[in-house]
Structure formats: structure tokens, C-alpha cells
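Novice: I'd like to ask some things about the structure below.
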Amino acid sequence: MFESLPGFRDFYPDSCAGRNHLFRIWRQTANSFGFSEYDAPVLEPLDLFKEKSGPEVVSQLFAFKDKGGREVALRPEMTPSLARLAGAKASSLRRPIKWFHIGEHYRYEKPQRGRLRAFYQFNADILGEPGPGADAELIALCIKSLTALGLTAEDFRIRLSDRDIWLHYMAAFGIEGDSAAQALDIIDKRERVDRGVTLEKLAQIFGDSAEDFFKDVERLGKAKDLNRLKDILLGPDSTCKSAGNSDQISQRLNDWKMLLDQLDAMQLMPYLEIDLGIVRGLAYYTGFVFEAFERGGDLRSLAGGGRYDGLVKKLGYDDLPATGFAMGDVTLGDLLARKNLLATFISAPDIFAILGGAEERKIALADILALRENGFRVEYALKETGFGKQFKLAGQSRAKFALIYGAEELAADSVKVRDMNSGAEKLIPRDRLNTELLEIRETGIPLEE
RNA sequence: GUGGUUGUAGCUCAGUUGGUUAGAGUACCGGGUUGUGGUCCCGGGGGUCGCGGGUUCAAAUCCCGUCAGCCACCCCA
């Protein structure tokens, strides 16, 4: 006897139907936004992931040596592969490059609820367009992918932040480069860490002004609209104004306005929350970053993304500005199941054929195959059984119609169709079967016939 | 990787202070029912009580270990 490996799932038909529904909605939504689907190998050179995330990632990868001695790993994320694909053909691809991917990813971590070792992700990215129009389009896709599944503004929010603002702001304190990245990391974790500890860490970077800076962090974290942000950053008692980089900041605030205006025009503001408190830990994010999180209850993260303008170049290709997000199936699936939005899309047959004896069966099988070729989903009992039993099977199959091949009907070269919902029946000549069924499938059989 | 907690049929769970052949509901299969279904009635299969060891006359029950799930850390691309 065997079980699936820890953190891996079996998909029985019911859950497979739920998963396919999710994929179908993701794919439809991405297509409607004009994104094109791409794919890449599941197994990649280990270095591809090390290059992006540093050597520490290896402990969280399914990594091994192949028989040729190559260091390889199952992909833990899509972005490095995407960067390779886009980077390799960057000069010949029409821009903006709008691509999406749906596929399985693997991380060697301790499995928990909402977090497995194998999971599916929907990735969408826009490359080659540095302006906020790309960020707006991407955020819109993220929101629409969730609403298309039946989720509402009551179920989730997008928290929107900006690493550029933070970098400009810190520059006013004379903090740049690695120190700035460290500071962002501290800001990102501050809600989960004791205030005193956070201050201590900041003091190593900011020295005496750590406390002032942290107060501003808290003020900025609470700013929920653009005017308030502007006020804190450029108002009378702003630190950075006196430091003299207010031009950069006001330019950046202009990007913010463009972004929000576009999202507003798409009527997506109800889903948005400005929250500079989230900066997302990853060092390679450069501009607008965002996170879709579940509201109420446990506030789990449903999707995350942001701009990563430097990454493609870092992986050895030409400079290519980029912004993207990833949405996982695990947390989202939990939420959809809880909200009853995965209503198992069980595929029921259109027709269940009920067959008399051996002679009738022969005639029926020929018809059944013809109907199948015409796109009907048709089932029948594989072994000979009584009519009563077969009607029971037809009911259990949840077929819309039963098609009755009895001696009586066939004597008139006809078959009887029964609408399994209404119970209405109709005799159809066999040579008109396909035509009549096409019609009946749409309209059903009226009770008065 | 660290700590806590749970583990009985495919699923949800009962199982008395340790006591004889481990139960129910549901799902599944068969029959009632060889010309009209989902209901109903009857019957059936399915368990090494997560696994291994220990204590005991006797262990699903107590002890130890281990594996797996869940929860909290770490991390979260």
C-alpha cells in the first residue's frame, strides 16, 4: 500500500473538477486581458534559482543531481524561467510583453494548511513597460481573476504599497543601497516583532534618528489615501522635504495618481487599500508592490506581486522592466470551498441510453457513437440489466435525458426521449435523432405534448 | 528545522475504571424491481484501531519511539 508523499495531493474527479474550474477562470480572465499563455520546463538548472534568490534557497528546493551530474531543481516559482524566456528573445518581442502561466511548483517545506510541497500557481507578468499603466493593468487582472471566481470586496482586499517611496524617503536620511534594503526588511516584519527589537535593529542603520524614522514608518503605515501620503511626505513638518529630495517624491506621487486614476476608472477602488506598511520582503522588488489577502478571519495571503525592474538584467539578459504577480491554488481553494464557490462542477452526461435486449443494444450502440461524434456526452449500462435498474442508473448519473431503446420503439424505427427533470417524454424517429436532440437539449421537453 | 496537539471503515465520528467476536451514520455493491429514476425496505463487502515496541492474564484504551495530519514559530519566491 502506498500514500502520496507529504505535501502532495491526489485529485479525485470531484477535486479535479474544482481545480479545472479554477484554471478555466484564470485562463479566461488572463485571455480577456490580452495575456498570452506560455510554458517552460518543470525541471531547471539549480543555478537559475540560486542566481535569483541566493544560495539559501537550496534548502527549500527539491534539488538533486541528474544522471549526467547536473545540479537541477524542480521549479519553486515561475519568475526565473519567465525571465529566461523573455530575456532570450527580448529584442524581437513586441512590447508590452503580457504573458501568463498556470502550472505546478514545488518547495521542500514543512506542509501546513494553505501551504504544501506541490501547488499550482497562476503567474501573470507585463514586461517592457516601466510606467504605472502596466501596474494598473496587472492589478486589475489580479482583482478580476478573483472576482471572476465569485469573490467580492467583502472577501478580499488588495494592499498596495511602494518600495520607491520608501527608498526616496530613506534617502532623505542618507540611507541607501544595502542599508535601505535591510531597513525595508525590518519594516516588513515590524508587525510580527516586538517594537523595542525593531527599534534596536533600526538604530544600527539610522543611529540616533531611528526613533524619528520609526514614528514616520508608523504614520505612513496608517495613511490610507493619497492626500494623507502627500501630507506626510511633503507637508510642513516633513523630514524629507527639508532633506531636499522632494522633487523625486512629488514625481513619484504623480505616478501614484496615474495608477489610482486608472484603477478608479476601472471601478476597482473598492478592492484597494493603500498600505505602505507592507513592502514584501524580497529584495528584488523595485516599485509598486501589492498583495491580495483574505478579509475576516485569518487574513491569509491569496496573491502577491509587484515590480521587479532589475531582475531580468540580474539573470544575465538585457535590461527589461517588469511587473507581475502570482496566485496560488491552495489558500484560494480553501477560501472558495469555504464560500461554497467550488460547487463541484460535476460533469453529468447529456444522455443516458436505456437499452432493451441484445438486439436493441446493437442498434443503440451505433446511434450512441454517432451522437458522441456530434458532441453529446452519452452513457449507458455496460452490462445488460433490467429497465428499472437502468432508469436508476440514469437518475444517479444525473443525465438530463434518458434515451429509450425498447422493442416497441424500434418497431416503429423510433426511440423515446425522457426529460429526466420534468418526466415528459417524446417519440423521435431515429433518422431525426440528432436534430431533435440538439433542439431538446436547449429547450427541454414541454410537459404538454 | 523547533515546540504543542491529534490519529478507529472511502468520509464524519461513537467505543464505559484496560475485559470476550470494534460499532453507527454516510458512501459503495447486490436484491426487492425484465418498460420508467433519485424515495423506501432488505442484504453485503470494507478495519493489522497510523506503524513499531513495552507494561498486563488481557491494550483501540496505559507507557515509549516513529510516521502522518493540524496549530504556533522559522520561512514565505
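Novice: Tell me whether segment A:151-164 contains one or more residues that are in contact with a Gly (Cβ under 6 Å, 6 or more places away or on another chain) and either away from RNA strand B (no atom under 16 Å from the Cβ) or of a type in the set (G, A, S) (or both).
Specialist: Yes, there is a match, as at least one residue in segment A:151-164 is in contact with a Gly (Cβ under 6 Å, 6 or more places away or on another chain) and either away from RNA strand B (no atom under 16 Å from the Cβ) or of a type in the set (G, A, S) (or both).
Novice: Right, something else. Assuming A:G69 fulfils every condition listed in (1) within 15 Å of RNA strand B (Cβ to nearest atom); (2) not assigned by TED's automatic domain parsing to the domain that holds A:T147; (3) not basic (K, R) apart from one, which condition is it?
Specialist: Here A:G69 clears every test but (1).
Novice: Of the residues that sit in segment A:186-200 and are within 21 Å of A:A171 (Cβ to Cβ) and in contact with a Lys or Arg (Cβ under 9 Å, 6 or more places away or on another chain), which one is nearest to RNA strand B (Cβ to nearest atom)?
Specialist: A:D188
Novice: Any idea which of A:F62, A:F23 is of a type in the set (F, W, Y) and within 14 Å of RNA strand B (Cβ to nearest atom)?
Specialist: Answer to the check: A:F62.
Novice: Just to be sure I understand, how many residues within segment A:198-241 are modelled with pLDDT of 85 or more and in a loop (DSSP other than H, G, I, E, B)?
Specialist: Number of matching residues: 3.
Novice: Name the single residue that is surrounded by the most Cβ atoms within 10 Å (Cβ to Cβ) among those in segment A:307-319 being in contact (Cβ under 8 Å) with a residue 40 or more places away in the chain and more than 19 Å from A:F49 (Cβ to Cβ).
Specialist: Result: A:R307.
Novice: Then there's this: Looking at segment A:398-428, which of the residues that are under 18 Å from A:I445 (Cβ atoms), within 9 Å of RNA strand B (Cβ to nearest atom) and among the small types (G, A, S) is surrounded by the fewest Cβ atoms within 10 Å (Cβ to Cβ)?
Specialist: A:G423
Novice: Same structure, new question: Here are the criteria: (1) among the polar types (S, T, N, Q); (2) more than 9 Å from RNA strand B (Cβ to nearest atom); (3) over 30 Å from A:F11 (Cβ atoms). Tell me which single one A:T385 does not satisfy.
Specialist: Single failed check for A:T385: (2).
Novice: Given the conditions (1) in contact (Cβ under 8 Å) with a residue 60 or more places away in the chain; (2) away from RNA strand B (no atom under 16 Å from the Cβ); (3) outside any helix (DSSP H, G or I), and given that A:N340 satisfies all but one, which numbered condition is not satisfied?
Specialist: The failed condition is (1).
Novice: Tell me whether segment A:26-39 contains one or more residues that are exposed (fewer than 14 other Cβ atoms within 10 Å of the Cβ) and touching a Pro at 6+ places or on another chain (Cβ under 9 Å).
Specialist: no
Novice: For A:Q60, which of the numbered conditions (1) over 20 Å from A:V312 (Cα atoms); (2) in the same structural domain as A:Y284 (by TED's automatic domain parsing) fails to hold?
Specialist: (2)
Novice: Of the residues A:L151, A:L167, only one is aliphatic (A, V, I, L, M) and farther than 21 Å from A:A303 by Cα; which?
Specialist: None of the others qualify; the one that does is A:L167.
Novice: For residues in segment A:79-100 being within 18 Å of A:D309 (Cβ to Cβ) and within 15 Å of RNA strand B (Cβ to nearest atom), which is surrounded by the fewest Cβ atoms within 10 Å (Cβ to Cβ)?
Specialist: The qualifying residue surrounded by the fewest Cβ atoms within 10 Å (Cβ to Cβ) is A:R84.
One line per residue, one yes/no per condition, for (1) within 16 Å of RNA strand B (Cβ to nearest atom); (2) of a type outside the set (S, T, Y):
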residue: A:K110; (1), (2): yes, yes
residue: A:R113; (1), (2): yes, yes
residue: A:Y120; (1), (2): yes, no
residue: A:I126; (1), (2): no, yes
residue: A:P132; (1), (2): no, yes
residue: A:L138; (1), (2): yes, yes
residue: A:I143; (1), (2): no, yes
residue: A:Y169; (1), (2): no, no
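Novice: Counting residues that are touching a helix residue (DSSP H, G or I) at 6+ places or on another chain (Cβ under 6 Å), which strands (runs of 3 or more DSSP E) fully inside segment A:1-79 reach at least 2?
Specialist: In segment A:1-79, A:71-74 are the strands (runs of 3 or more DSSP E) which contain 2 or more residues that are touching a helix residue (DSSP H, G or I) at 6+ places or on another chain (Cβ under 6 Å).
Novice: Here's something else I'd like to know. Do you know which residues across segment A:145-163 are among the charged types (D, E, K, R) and either crowded, with 19+ Cβ neighbours inside 10 Å or assigned to a strand (DSSP E or B) (or both)?
Specialist: Result: A:D155, A:R157, A:R159, A:D162, A:R163.
Novice: Residues being within 16 Å of RNA strand B (Cβ to nearest atom) and acidic (D, E): count how many of those fall in segment A:244-295.
Specialist: Looking only at that region, the number is 3.
Novice: Now a separate question. Conditions first: (1) within 30 Å of A:N20 (Cα to Cα); (2) modelled with pLDDT under 95; (3) not in a loop (DSSP other than H, G, I, E, B). A:K426 passes all but one, so which condition is the exception?
Specialist: Evaluating A:K426 over (1) within 30 Å of A:N20 (Cα to Cα); (2) modelled with pLDDT under 95; (3) not in a loop (DSSP other than H, G, I, E, B) leaves (1) as the failure.
The values are calculated or read from the model by the stated rules, or taken from the named source; none is laboratory data. None of the values given here were measured: they were computed from a predicted structure. Virtual Cβ from ideal backbone geometry, glycine too; neighbours counted across all protein chains shown.
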